[in-house]
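The values are calculated or read from the model by the stated rules, or taken from the named source; none is laboratory data. The model shown is predicted, which means the values in this text are computed figures rather than measured ones. We place every Cβ from the backbone using ideal geometry, glycine too, and count neighbours over all the protein chains shown. Calculation scope for accessible area: heavy atoms of the full protein, side chains included, ligands and nucleic acids excluded. Shrake-Rupley method; radii C 1.70, N 1.55, O 1.52, S 1.80 Å.
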Amino acid sequence: MPGNNVVERVRALVQTFLETDLVRLRIERDGGHVELRRRASSRLATAETAEPQMQAPPVENLDEIKSDLVGIFRFSRPAPIVGELLDSDRELAYVEALGIRNPVRSLGSGRLVSVCCDDGQPVEYGQTLFEVARV
Amino acid sequence: MFKKVLIANRGEIALRINRACRELGVKTVAIFSEPDRESLHVRHANEAFCVGPGPAARSYLSIPNIISTALITHCDAVHPGYGFLAENARFAQICADHGLAFIGPPAEVIAMMGDKATAKRVMREAKVETTPGTDILESVDKARRAARDLGYPVLLKATAGGGGKGMRVVAGPDELERAFNSAQNEAEASFKDGRLYMEKLIVSPRHIEVQVLGDNFGNIVLLGERDCSVQKPSHQKLIEEAPAANLSDKVRQSLLAMALRASQAVHYSNAGTLEFLVSGDRVYFMEMNTRIQVEHPVTEMVYNIDLVKEQIRIAAGEPLGYTQADLKPRGHAIECRINAEDARNNFAPAAGTVTNVVFPGGPGIRVDTHIYSGATVPPYYDSLLAKIVAFGETREAAIARMERALRETIIEGVNTTIAQCLEVLATDAFIKGRYTIDFLPALMRRDDAA
């Protein structure tokens, strides 16, 4: 059955996606497309499984990047991936408020330890958006 | 009716608005600053968003964060309460520009009345008597010339002002420069607008105000007067009552007639208050507050009308459900403001933690408060902790009930104004209802001397 075939193929794709660190995967073919996105919480869980040693150092060097305004949180592209090394002025995301994109930057180099918000989530002043281990 | 209202305020008035919304079946969104995270208005709202750090300029006055909160939570209206952005015409206009109903009068009316110097000009044109005074004073030199023309003593006032902020009595030319600078700084800090104007000081008047409600269809009703003459030296009110004691029919009719003329002149809609100075039989318009007042509960008690619900209904486009002839006051109500203040130190604000609190109850007592045992009182905001309101069939009964209620009240951990309120209630002047705005400062001076 063609329908079952599509379900099987998507299931396989999801399985493959989950085995990677990818945040977003989009495949276009014959005018149609499939897009997979990973939620922030699941990304944190992946990081804990894949690199448990990352949980040890944050005590001393963990830095929280917080929102300084109220708006909708959105990832910049390419979206940051937990575990990756960040440049000192990397734009990680933006908070959209009153139609303006307010960039959220890495504010120094470091390794991204966790992403604390989902794409499209409303965020308040002072809310932690990312945790970065400064190196 | 609105589906969801953002409450752009904190403290007891945020809680008061939340209650009105809930009873009308309207959902609420609270905003709060970081030190207010555990505040009651945050707990009781359907949703709550932190909009900034402690200083009001970066939180409760942060228009971008407040509007953004309203939009991302899909509110259809904003209630500003009193203070903060309640009389900021730009904020009202920005709300309208973003499709948010501002629960108050239109921005242009706020601008007209909010600029106190302009308001007085408009009132003079409407044949409402005003105190002799000036337009905006751009400099100390202009203030000095104006004071010479008016004759000392004079009063410097913030054109964006209210609540006694940015106001200074100037007895003579030696005091002018210092008073001008301090009033300007205080007005700038409080309202982001340091412009001042000057009035001839009416010596020892009563401060009496009239409550107005207008809908969007041209209907205006008056809900009587409140006497707010028990004021601290900073001109902030401590005790208010409705109706005013010992007010002649002639003066009352003059007040109400002026209030109606003034409201009609600006096509007023929503809740507003016209403040007057009364000296003998003379009545002078002072200013119009285009918002709900702190002391609105005394009017609610004698008219049995929920003014905050009326504000919301009017903003939602509903007509007033009654006419002036339907409104019949009954009894007498008194409000005491319980502030976190050190009355022995010129009512200096006293921040801290409320370690224990017990509020009064029983017949005829209403308490509007946001505090609880363990609540913190941040240093950034108005020091109001609670409003205790007593209702009685007569003024004497209301005073007796208020005294009883204040003695039942326990607030530990911070200094409060309970003792000063009790002291006022026991004076011959208050009991007889014969007091002016000089009454409380004189009482304090007597205490200091003793």
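Summary table below
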item: Output for the stretch B:412-437, where each listed residue is in a loop (DSSP other than H, G, I, E, B) and free of Cβ contacts under 8 Å to residues at least 24 places away in the same chain; result: B:Ala426, B:Thr427
item: Hey, B:Ala179 crowded, with 16+ Cβ neighbours inside 10 Å, of a type in the set (Gly, Ala, Ser) and not in a loop (DSSP other than H, G, I, E, B) or not; result: yes
item: B:Phe102 being in contact with a Cys (Cβ under 6 Å, 6 or more places away or on another chain) and not polar (S, T, N, Q); result: yes
item: Residue within the stretch B:290-305 that is modelled with pLDDT under 95 and surrounded by fewer than 19 Cβ atoms within 10 Å (Cβ to Cβ) present; result: no
item: Top-ranked residue in the stretch B:246-266 [being more than 20 Å from the chain's Cα centre (by Cα) and within 21 Å of B:Glu335 (Cβ to Cβ); ranked as least open to solvent (accessible area, probe 1.4 Å)]; result: B:Leu247
item: Residue match in the stretch B:229-242 (condition: over 20 Å from the mean Cα position of the chain (by Cα) and either within 30 Å of B:Arg313 (Cβ to Cβ) or not in a helix (DSSP H, G or I) (or both)); result: no
item: Residues located in the stretch B:59-114, provided they are of a type outside the set (A, V, I, L, M, F, W, C), open to solvent by less than 20 Å² (accessible area, probe 1.4 Å) and more than 22 Å from A:Ile100 (Cβ to Cβ); result: B:His79, B:Pro80, B:Gly81, B:Gly104, B:Pro105, B:Gly114
item: Candidates B:Ala405, B:Ala426, B:Ala400, filtered to the one that is out of contact with any strand residue (DSSP E or B) (no Cβ under 8 Å at 6 or more places or on another chain) and either closer than 30 Å to B:Asn304 by Cβ or open to solvent by 30 Å² or more (accessible area, probe 1.4 Å) (or both); result: B:Ala426
item: Selection count where residues are open to solvent by less than 40 Å² (accessible area, probe 1.4 Å), within 13 Å of chain B (Cβ to nearest Cβ) and part of a strand (DSSP E or B), scope the stretch A:103-135; result: 2
item: Criterion violated by B:Lys120 - all others in (1) open to solvent by less than 40 Å² (accessible area, probe 1.4 Å); (2) part of a helix (DSSP H, G or I); (3) touching a residue at least 40 places away in the same chain (Cβ under 8 Å); (4) farther than 24 Å from B:Leu255 by Cβ satisfied; result: (4)
item: Restricting the stretch B:42-56 to residues that are touching a strand residue (DSSP E or B) at 6+ places or on another chain (Cβ under 7 Å), more than 7 Å from chain A (Cβ to nearest Cβ) and under 21 Å from B:Pro378 (Cα atoms), the residue that is surrounded by the fewest Cβ atoms within 10 Å (Cβ to Cβ); result: B:Gly54
item: Where B:Met167 falls short, out of the listed (1) more than 20 Å from the chain's Cα centre (by Cα); (2) open to solvent by 10 Å² or more (accessible area, probe 1.4 Å); result: (1)
item: Test: residue in the stretch B:57-66 that is assigned to a loop (DSSP other than H, G, I, E, B) and either away from chain A (no Cβ under 14 Å) or not polar (S, T, N, Q) (or both); result: yes
item: Single condition A:Ile72 does not satisfy, out of (1) at pLDDT below 95; (2) within 24 Å of B:Arg37 (Cβ to Cβ); result: (1)
item: Residue in the stretch B:361-371 that is surrounded by 20 or more Cβ atoms within 10 Å (Cβ to Cβ) and basic (Lys, Arg) present; result: no
item: The stretch B:12-41 - residue that is surrounded by 22 or more Cβ atoms within 10 Å (Cβ to Cβ) and free of Cβ contacts under 8 Å to residues at least 40 places away in the same chain and, of those, farthest from the other protein chains (Cβ to nearest Cβ); result: B:Asn18
item: Restricting the stretch B:131-162 to residues that are crowded, with 19+ Cβ neighbours inside 10 Å and in a loop (DSSP other than H, G, I, E, B), the residue that is modelled with the lowest pLDDT; result: B:Gly161
item: Residue among B:His74, B:His79 that alone is within 14 Å of chain A (Cβ to nearest Cβ) and either modelled with pLDDT of 95 or more or under 28 Å from B:His370 (Cα atoms) (or both); result: B:His74
item: Selected residue [crowded, with 16+ Cβ neighbours inside 10 Å and farther than 16 Å from B:Leu238 by Cβ] from B:Ala315, B:Ala343; result: B:Ala315
item: Test: B:Phe391 is over 23 Å from B:Lys165 (Cα atoms) and surrounded by 19 or more Cβ atoms within 10 Å (Cβ to Cβ); result: yes
item: Selected residue (only one of B:Ile110, B:Ile94 is within 12 Å of chain A (Cβ to nearest Cβ) and either aromatic (Phe, Trp, Tyr) or in a helix (DSSP H, G or I) (or both)); result: B:Ile94
